[in-house]
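Everything on this sheet refers to the single structure shown next.
The values are calculated or read from the model by the stated rules, or taken from the named source; none is laboratory data. Fair warning: this is a prediction, and the values are worked out from it, not measured in the lab. Backbone-built Cβ (ideal geometry, glycine too); neighbour counts: all protein chains shown. When the accessible area is computed, the model is the full protein with side chains, heavy atoms only, and any ligands, DNA or RNA have been set aside. Shrake-Rupley method; radii C 1.70, N 1.55, O 1.52, S 1.80 Å.
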Amino acid sequence: MRWYKESIVYQIYPRSFKDSNNDGIGDIRGIIQKLDYLKDLGVNTIWLSPIYDSPLDDMGYDIRNYCDILPEYGTLEDFKEMLGEMHKRGIKLIMDLVINHTSDEHPWFLEARKSVNSPYHDYYIFKKAKEGKKPNNWKSFFGGSAWEYNEATDEYFLHLFSKRQPDLNWENPELREEVKKILKFWLDLGVDGFRCDVINLLSKKEGLPSTKGLPIISGKGIYIDGPKMHEYLQELKKDVFSKYDMFTVGECVLIDPKTALGYVEEGIDELSMVFHFEHMNADCFLTKWLPRKFKLRRLKKPLSKWQYALVDKGWNSLFLENHDQPRSVNRFGNLNFHLESAKMLATYIFSQKGTPYIYQGQEIGMTNAHYTRMDQYQDVETHNMYKILRRFFSHKKAMKYVQKSSRDNSRTPMQWNRNKNAGFSEGKPWLEVNPNYLGINAEENLKNEDSIFNYYKKLIRLRKKYPVFVHGDYREHYARSNKLAYYERNYKGKKLLIICNFSSKKLYFNAIYDLNKFKLLLNNYQEDFDYLLPYQAKIYLGDY
Ligand code: TEU
Ligand code: CA
């Protein structure tokens with residue numbers, strides 16, 4: 001049963017969501033306190049970023065014990081209570097599982113690095129130096145080399161992320177069995193699926209050949225979508241996934257639609273859907289660390305390409321924000337039209353074909369943090385990139401890049417109300433609260449009928465009420481426009497028109513259809529003229 005097609009997913013970044021015991025750190029009991037808020041919003045699935053035991057080098061994406069909870073977040077009993085409370089409210093839970101790498105404090109790695117004869121040595125990728133140099137030229141996604149020297153065995157070990165996140169060796173059948181046990185542990189607790197972290201990096205080409213060309217990009221086929229990806233995923237599907245009523249969303253680095261269909265095409269179903277990132281280049285060159293001016297066409301083009309490619313044989317995920325990306329209203333909206341542009345962005349992404357994902361705070365229009373000192377940032381990628389930037393730029397210029405691109409932009413504590421620390425915690429938050437919480441917080445949104453929260457609530461209700469949102473096809477108009485995003489959805493005689501003005505000016509346009517024959521389902525303004533107001537978004541419903 002493909003119930004994930006009706007899922008509306010809310011991503012919780014646990015450290016920053018809600019702190020129940022005032023140690024300044026979000027926790028599981030805090031999540032339980034806020035389940036009614038999420039129920040009210042109308043979401044029916046939660047994606048929970050890692051809560052496993054971890055030294056937090058990469059905020060939990062470096063796991064030290066896959067089957068236990070980080071004490072700061074709570075206990076396994078707390079987790080079971082939270083899951084029960086979610087299910088009671090008709091909310092499913094998918095866990096964020098990181099099986100490409102572990103923490104360097106995982107017992108497997110602590111043993112593996114001691115000796116080449118350790119039974120765990122082959123759980124990881126250790127290689128001798130080649131002519132005194134590193135085994136190959138691979139680079140870490142966090143900057144620098146992907147190899148770290150290990151004294152005890154006079155070898156290097158591979159880490160495609162931080163040097164404290166050693167990559168697992170998926171060639172090893174014993175390791176694969178260990179991972180299946182971990183998956184079953186959570187599924188047997190009643191979890192409804194997984195968000196699979198960097199899942200298309202699992203397979204590394206035999207011999208680990210150096211890549212030719214641009215770092216990272218040239219990893220395609222070597223350690224990105226590598227040779228045994230389908231073998232490994234088919235094995236996980238056969239031995240685990242197929243035995244449970246669950247879904248998986250695979251985070252896939254640098255993936256394209258054709259490769260994605262190889263994982264998600266109905267009938268293949270190695271994964272239920274994937275996260276791609278092509279639209280995240282709408283305001284940068286391939287990585288958010290190389291920013292450029294936002295252009296609407298660079299947002300629309302990849303999203304339309306993915307819609308057309310998967311529309312009747314796969315399934316898309318729809319997102320504009322997550323814990324790795326700066327806030328979408330800063331990037332693709334306009335803070336001078338904060339309310340209107342946040343609602344317009346919601347309309348644009350939420351009405352496409354696929355499963356929509358809301359990242360915590362997006363539903364109230366939270367914005368980038370604006371720290372001014374490096375010690376205010378906690379993210380390992382941010383600090384690594386700052387060091388690299390400082391080789392080319394002054395501190396001042398490097399800070400500008402950090403302020404624009406840091407992942408901490410979306411990790412500031414959730415803004416609940418106007419109380420101290422935005423109601424997130426009575427203690428000193430682990431990451432500073434964005435000072436704009438006095439004007440941007442959930443309580444204000446709940447009270448104000450015209451708020452972004454209530455707009456999302458209406459959108460979600462529409463998605464549940466009209467099957468055309470879930471099952472409709474996708475047809476874009478004015479694809480070349482850098483101001484107007486306009487597409488239609490069609491299903492069983494019903495037609496939706498989704499019309500969004502991405503500009504800060506009035507926009508006249510030919511509506512193609514006679515809008516008098518359509519019902520205006522949603523409008524992010526009170527007014528409705530025959531032109532669009534700045535950042536105006538409208539959804540029409542008609543028959544065809
Ligand atoms: O992210 C994968 C990834 O490529 C990220 O590095 C992301 O593309 C980058 O930060 C954007 O600038 C996943 C998790 O979402 C991320 O939080 C982890 O740091 C990473 O994997 C390693 O587990
Ligand atoms: Ca806490």
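Below, the figures for the structure above:
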{"item": "Criterion (out of contact with any Leu (no Cβ under 8 Å at 6 or more places or on another chain), away from ligand 2 (no atom under 16 Å from the Cβ), of a type in the set (Phe, Trp, Tyr) and open to solvent by less than 10 Å² (accessible area, probe 1.4 Å)) met by exactly one of PHE157, PHE185, PHE194", "result": "PHE157"}
{"item": "Of the criteria (1) under 26 Å from LYS301 (Cβ atoms); (2) touching a Leu at 6+ places or on another chain (Cβ under 6 Å); (3) open to solvent by 10 Å² or more (accessible area, probe 1.4 Å), which one LYS519 fails", "result": "(1)"}
{"item": "Qualifying position, being within 16 Å of ligand 1 (Cβ to nearest atom), open to solvent by 10 Å² or more (accessible area, probe 1.4 Å), in contact (Cβ under 8 Å) with a residue 40 or more places away in the chain and of a type in the set (A, V, I, L, M), among MET59, MET95", "result": "MET59"}
{"item": "Options LYS258, LYS295, LYS300: the member that is open to solvent by 60 Å² or more (accessible area, probe 1.4 Å) and within 21 Å of the chain's Cα centre (by Cα)", "result": "LYS258"}
{"item": "Every pair of residues 6+ apart whose Cβ atoms lie under 9 Å, when the first sits in the range 420-434 and is in the same structural domain as SER20 (by TED's automatic domain parsing) and in a loop (DSSP other than H, G, I, E, B) while the second is hydroxyl-bearing (Ser, Thr, Tyr) and away from ligand 1 (no atom under 16 Å from the Cβ)", "result": "PHE424/TYR437; SER425/SER20; GLU432/TYR371; VAL433/SER425; ASN434/THR367"}
{"item": "Failed item in (1) closer than 26 Å to ARG327 by Cβ; (2) away from ligand 1 (no atom under 16 Å from the Cβ); (3) within 22 Å of the chain's Cα centre (by Cα), with GLU72 passing the rest", "result": "(3)"}
{"item": "Some residue of the range 219-229 being farther than 21 Å from LYS92 by Cβ, assigned to a helix (DSSP H, G or I), at pLDDT 95 or above and open to solvent by 60 Å² or more (accessible area, probe 1.4 Å)", "result": "no"}
{"item": "Yes/no for ASP23 being touching a residue at least 12 places away in the same chain (Cβ under 8 Å), surrounded by 18 or more Cβ atoms within 10 Å (Cβ to Cβ) and acidic (Asp, Glu)", "result": "no"}
{"item": "Qualifying residue in the range 446-462 (condition: in contact (Cβ under 8 Å) with a residue 12 or more places away in the chain, assigned by TED's automatic domain parsing to the domain that holds SER341 and among the polar types (S, T, N, Q))", "result": "yes"}
{"item": "TYR455 vs. criteria in a helix (DSSP H, G or I) and modelled with pLDDT of 95 or more", "result": "yes"}
{"item": "Single residue of PHE424, PHE469 found to be out of contact with any helix residue (DSSP H, G or I) (no Cβ under 6 Å at 6 or more places or on another chain) and not charged (D, E, K, R)", "result": "PHE424"}
{"item": "Selected residue [among the polar types (S, T, N, Q), in the same structural domain as PHE453 (by TED's automatic domain parsing), closer than 30 Å to PHE350 by Cα and in contact (Cβ under 8 Å) with a residue 24 or more places away in the chain] from ASN65, ASN44", "result": "ASN44"}
{"item": "Residues located in the range 116-143, provided they are open to solvent by 40 Å² or more (accessible area, probe 1.4 Å) and among the small types (Gly, Ala, Ser)", "result": "ALA129, GLY132"}
{"item": "Some residue of the range 269-291 being open to solvent by less than 50 Å² (accessible area, probe 1.4 Å) and farther than 23 Å from TYR359 by Cβ", "result": "yes"}
{"item": "Unique residue being buried (at least 21 other Cβ atoms within 10 Å of the Cβ), touching a Cys at 6+ places or on another chain (Cβ under 8 Å) and small (Gly, Ala, Ser) when the list is ALA442, ALA485", "result": "ALA485"}
{"item": "Single unsatisfied condition, ILE452 versus (1) closer than 28 Å to TYR531 by Cβ; (2) surrounded by fewer than 23 Cβ atoms within 10 Å (Cβ to Cβ); (3) of a type in the set (A, V, I, L, M, F, W, C)", "result": "(2)"}
{"item": "Scan of the range 390-414 for residues that are under 16 Å from PRO326 (Cα atoms) and open to solvent by less than 20 Å² (accessible area, probe 1.4 Å), ordered by number", "result": "MET399, VAL402, SER405, SER406, ARG407, ASP408, ASN409, SER410, ARG411, THR412, PRO413, MET414"}
{"item": "Selected residue [within 16 Å of ligand 2 (Cβ to nearest atom) and not aromatic (Phe, Trp, Tyr)] from LEU56, LEU93", "result": "LEU56"}
